[in-house]
Protein chains: 2
Amino acid sequence: MLTEDALDTLFREGRSHNAWRDEPVSDETLREIYALTRMGPTSANSSPARFLFLRTREAKERLAPALSSGNHDKTMAAPVTAIIAYDPKFHDKLPTLFPHNPEARSWFTANEALAATTAFRNGTLQGAYFIIAARALGLDVGPMSGFDNDKVDGTFLAAQGWRSNFLCNLGYGDPTGLFARSPRLEFDEACILL
Amino acid sequence: MLTEDALDTLFREGRSHNAWRDEPVSDETLREIYALTRMGPTSANSSPARFLFLRTREAKERLAPALSSGNHDKTMAAPVTAIIAYDPKFHDKLPTLFPHNPEARSWFTANEALAATTAFRNGTLQGAYFIIAARALGLDVGPMSGFDNDKVDGTFLAAQGWRSNFLCNLGYGDPTGLFARSPRLEFDEACILL
C-alpha cells in the first residue's frame with residue numbers, strides 16, 4: 001500500500017498543467033518513464049504503444065500546424081511533448097513478447113477488427129501508465145486530444161506505419177497556469193455493486 | 001517522486017494474477033479505488049468510464065457464459081470481478097463535469113465518431129487508472145479482454161446503455177499462480193527522440 005503522499009502525487013493532487021517552469025527534462029528521465037510504462041499489463045503482453053519525444057524547437061514547429069488553437073502555446077512552451085502512438089502491426093512482435101503461445105500472432109492477422117481494437121485499447125492503457133509513471137517520477141503532465149491525428153501521422157509516423165493516439169506535454173508545472181479543479185462523478189453515478 | 005518500493009508495487013513487480021488468496025475485498029476498498037481512479041485526467045473531464053463490481057456468486061454466474069474458457073476459473077474464484085465499462089452518452093454529464101465551457105456537450109452531439117472515440121479512449125485511460133489505483137491500495141489485479149462484449153452488455157448494461165470495455169479481477173494474489181514474466185520492448189524499439 002502506497003503512502004497518502006504518493007496517492008496525492010499520482011491522483012488527488014495531480015493536475016493537467018498548462019504552464020511550465022523553466023526546467024529541462026533529461027533524456028534519462030524520458031527513458032525512466034518508458035522503463036516503468038512498459039511494465040504495465042496489456043492483453044497478451046501486446047505492448048502496442050509507441051512514443052515520440054519532441055524535445056527540440058524544430059520538432060515542435062513540425063507539430064504546430066496539427067494543434068488546435070487552445071493547445072498551441074502551452075505545447076510550444078513545454079520542455080517535451082510526447083506523441084503517444086500505437087503500432088497497428090503490433091502483432092508482428094508477439095513471437096517475442098508472448099513466447100508461451102506461438103499462435104498469438106495469428107489471432108490478430110486473422111481478425112482485422114480485433115487487431116484494431118486491441119491496438120487502440122492497449123495502446124491507450126499504456127498511455128495512462130505513461131501519465132502515471134511521469135507523475136511518479138516527479139514530473140507534471142498535460143495530456144491533450146485536441147489535434148489533427150492525420151496531420152501528426154503524416155508528419156511524424158508515416159515511415160513506421162504507427163498511428164497517433166494522444167499528445168502529452170511533459171515538464172515541471174507552474175501552478176499559476178492551472179484551472180480550478182473540475183468536479184468528478186460520485187460513486188453511485190459511475191459504479192454499481194452486484 | 002515516489003519511493004523505489006512504490007514504483008515496484010505499481011509497475012516493476014505488479015503482475016497479472018491468476019490465483020487468489022482467500023481474503024475478501026471490502027466495499028470500502030472498492031470505493032477507495034474509485035475515489036482515486038476518478039481523479040485521473042480525461043479529455044474535457046469527460047469521465048466516461050463506469051464500473052460494475054461483481055461480488056456475489058450469483059453475479060459471477062451471470063457473467064460465466066460470456067467468459068473465454070481460459071478466463072473462466074480464475075474469474076469465478078476471484079473475490080471481485082469488475083466490468084470496466086463506459087457510457088456512450090457521457091457528454092450528457094458535461095454541463096456538470098466541465099462547467100467552464102457550456103458548449104462542450106455540443107462538440108459530441110454534433111459528431112458521433114468523435115463521441116465514440118472519446119468514450120473509448122478516455123474510458124480506457126480510466127481503466128488503467130483503476131488498475132494502478134488498485135495496486136496502489138495493496139490489491140492485485142487480473143485484467144482480461146477475452147470475453148464476449150455483446151453478451152456482457154446484454155446481461156449487465158442494457159438498462160444503462162453502457163458498453164463493456166474490459167474485465168478486471170480484484171483480490172490478493174497467490175503468487176504460485178503466476179506465469180513467468182514476459183519480455184518487454186526496449187526503448188529503441190518503442191521510442192523515438194526528436
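The values are calculated or read from the model by the stated rules, or taken from the named source; none is laboratory data. Note that the structure is a prediction, hence the values are computed from the model and not measured. Glycine gets a Cβ as well: all are built from the backbone with ideal geometry, and neighbour counts include every protein chain shown. Just so you know, the surface numbers come from the protein's heavy atoms only, side chains and all, with ligands and any DNA or RNA stripped out. Shrake-Rupley method; radii C 1.70, N 1.55, O 1.52, S 1.80 Å.
Just a few scattered comments:
- Seen through its C-alpha gyration tensor, with square-root eigenvalues sorted a ≥ b ≥ c, segment A:147-194 comes out oblate because a/c lies at 1.5 or above while a/b is not bigger than b/c.
- All-pairs Cα distance distribution in the protein assembly as shown, expressed in whole percent, bin size 10 Å: 5, 24, 36, 26, 8, 1
- In plain terms, if you count all Cα to Cα distances in chain B and split them into 10 Å steps from zero, the share in each step is 9, 31, 34, 21, 6, 0 percent.
- Couplings for segment A:123-139, taken from phi via the Karplus curve 6.51 cos²θ - 1.76 cosθ + 1.60 with θ = phi - 60°, read x, 6, 3, 5, x, 6, 4, 4, 4, 5, 4, 4, 5, 4, 8, x, 8 Hz in order; Gly and Pro are left as x.
- Chain A: relative contact order in percent, alpha carbon pairs under 8 Å with at least 6 residues between: 35 percent
- Along the axis of the charge dipole computed for chain A (Cβ charges of +1 for Lys and Arg, -1 for Asp and Glu, origin at the Cα centre), the listed residues A:37, A:138, A:54 are led at the positive end by A:54.
- Candidate cross-link partners of residue A:74 among the aspartates and glutamates, defined by an alpha-carbon separation under 17 Å and a same-chain spacing of 8 or more, comprise A:22, A:23, A:58, A:61, A:140, A:148, A:174.
- GNM flexibility winner over chain B from B:12, B:163, B:50 (Cα, springs under 10 Å): B:12
- Long-range HN-HN contacts of residue A:171 with modeled amide H, under 5 Å: A:140
- Cα gyration tensor shape of segment B:102-150, rounded if a/c is under 1.5, else prolate or oblate by comparing a/b with b/c: oblate
- Within the protein assembly as shown, helix-based [θ] at 222 nm, where runs of 4 or more DSSP H residues each add -39,500 (n - 2.57), nearest 500: -10500 deg cm²/dmol
- Calculated on the alpha-carbon coordinates, the convex hull of segment A:65-179 measures out at 126 cubic angstrom per residue.
- Accessible area per residue (1.4 Å probe, heavy atoms of protein chains only) ranks A:26, A:69 as A:69, A:26, with the largest value leading.
- Shielding by other protein chains, A:33-39, mean Cβ within 10 Å: 6
- In whole percents, the pair-distance distribution calculated for segment A:1-68 from its alpha-carbon pairs, binned every 10 Å from zero, is 14, 30, 41, 14, 1.
- 10 Å Cβ neighbours from other chains, averaged over peptide B:44-57: 3
- When you count the other C-beta atoms within 10 angstrom of each residue and take the mean per peptide, B:141-148, A:37-44, B:42-49 line up highest first as B:42-49, A:37-44, B:141-148.
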